[in-house]
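Note sheet for the following structure.
Just so it is clear, none of the values below were taken in a lab; they were calculated from the coordinates. Quantities reported herein were computed from a predicted structural model and do not represent experimental measurements. FYI the Cβ positions are ideal-geometry reconstructions off the backbone, even for glycines, and counts take in every protein chain you see.
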Amino acid sequence: MSDYRIENDSLGEVRVPADAWYAAQTQRALDNFPISGIRFSRRFIQALGTIKMSAAKSNRDLGILDAEKADLIVAAAERVRSGEVDDQFVLDIFQTGSGTSSNMNTNEVISNLATVAAGGAKGDKTVHPNDHVNMSQSSNDVIPTAMHVSAVVALQEDLLPSLEAFRDALLEKASELDDVVKSGRTHLMDATPVRLGQEFGGYAAQISQSIARVKGSMEELRELALGGTATGTGINCPDGFATGAIAYISETTGLAFRETDNHFAAQAAKDAFVQASGSLNTLAVALLKIANDVRHLSSGPTSGLAEIQLPAIQPGSSIMPGKVNPVLSEAMMMVCARVMGNHTTITVGGQHGNFELNVMMPVMAHAMLESIGILAGAMDAFRNGCLVGIKADRERCQELLELNPSIATALNRAIGYDMASKVAKKSAAEKKSVRNVVLEMGLMDESTLNEVLDVRHMTEPGIPGE
């Protein structure tokens, strides 16, 4: 038996591997774009299967696609949606900017699956990739729709659960460490005291705000381009198709979607996608701050801050015995850098909505879904392997706090700013505590000093000693 078969498209004959479910246009794109080897992710293929299944149902309901063919397409599209034939989605993300090659990859796979299910052979086109599978659609509205559907599903099912679990773990850690008073730091220099729980509570607030931003960006992504066809005019798309298909998409995903109010904007511009990526970029900035703080707070153990201790999860050096590094912080930081780069890619891609069509959609889709996936993975790994096991070194926190000259700030109202500055400078120069310097200088009695230098009170609003 031959290891290939002959398929045809508008440009002529094409040799396609005999066991492939795709056909001529996919093979041409496979030959034309041997660029990176990076393929579309599971979420994007899932969205394409959902769209094709929903389109067939809507066309059937309108009476323009006979029920038998519609049922065959629905069954084949479900195999695409479920991941059963992911190995047939062979195209590089660096391809035609409309994603037409991947839309046809989907159409051809479903066409051949349905044709064989109907008793035909691959390539017979009993169920035609264009006339039946792509009925009432264009690549120019299918790919933007797949971008939005895949992003909303990934945000809802992958990112938000990880975000919420991360926030909850931070809140729990903030409560656990709320009694630990330590040196605050501004400009990387000693500042007035804070509680370790307050620091972690600040991190939790950042994540809560990111959750709100992500949810807000999802609302615009729920608007779908389906129904605009080639240029946004809706040519060859019957009334009611988009409404019906989008209702089926919502039913299948369990998430609410709606038809866009303006198909020209939905196909030519990717503003909602850029905005959603912006919320991920902001999250990456927040996570990098958190990861960086954690690794600095744990630096040491003898020549760093060492105010917190991280779980020892792996040896840190191939040459230095006993060394343990903040590896999950570093992994998180690299993920954040990648997400920031992906946001730049999406931003540049969004700029290339030329006239009636954006022509950088595949790489935008890939960048978005990669960012969602790695952010979720990094937060889960950091939470499980690092965050929940963080412990405070209370003695170290107290030691550094006692030597912190900024505690003298609490003296301002008792002895004035100028005298408090002298105390702070003497404390720093002689490496003595502010308390000892005040007593040595005879500036106030010990009882009054204890009231003024109540470090716990310094971490709350109000005036120490009152």
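What the table below lists for this structure:
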read-out	value
Among the listed pairs 215/289; 52/125; 173/391; 182/391, those beyond 19 Å (Cα-Cα)	215/289
393, 445, 380 arranged by Cβ crowding within 10 Å, fewest neighbours leading	445, 380, 393
Over the chain, relative contact order from alpha-carbon pairs under 8 Å, at least 6 apart, %	15 percent
Mean residue ellipticity (222 nm) of the chain, computed from DSSP H runs ≥ 4 via -39,500 (n - 2.57), nearest 500	-18500 deg cm²/dmol
Principal-axis tilt of helix 100-117 within the chain, Cα atoms, nearest 10 degrees	60 degrees
Net charge of neighbours whose Cβ lies under 10 Å from the Cβ of residue 387, counting Lys and Arg as +1 and Asp and Glu as -1	+1
Matching label, mean projected area of the Cα convex hull in nm² computed from the structure shown, candidates (1) 29.2; (2) 24.8; (3) 32.1	(1)
Karplus-derived HN-Hα couplings along the range 129-136 (A = 6.51, B = -1.76, C = 1.60, θ = phi - 60°), whole Hz, x at Gly and Pro	x, 8, 5, 10, 5, 9, 4, 6
Proximal aspartates and glutamates to residue 270, defined as alpha-carbon separation beneath 17 angstrom and excluding residues fewer than eight positions away on the same chain	141, 219, 220, 223, 259, 261, 356
Whole-Å distance, taken between Cα centres, linking the range 21-57 and the range 86-129	7 Å
Footprinting exposure proxy for 52, 125, 57 (fewest neighbouring C-beta atoms within 10 Å first)	125, 57, 52
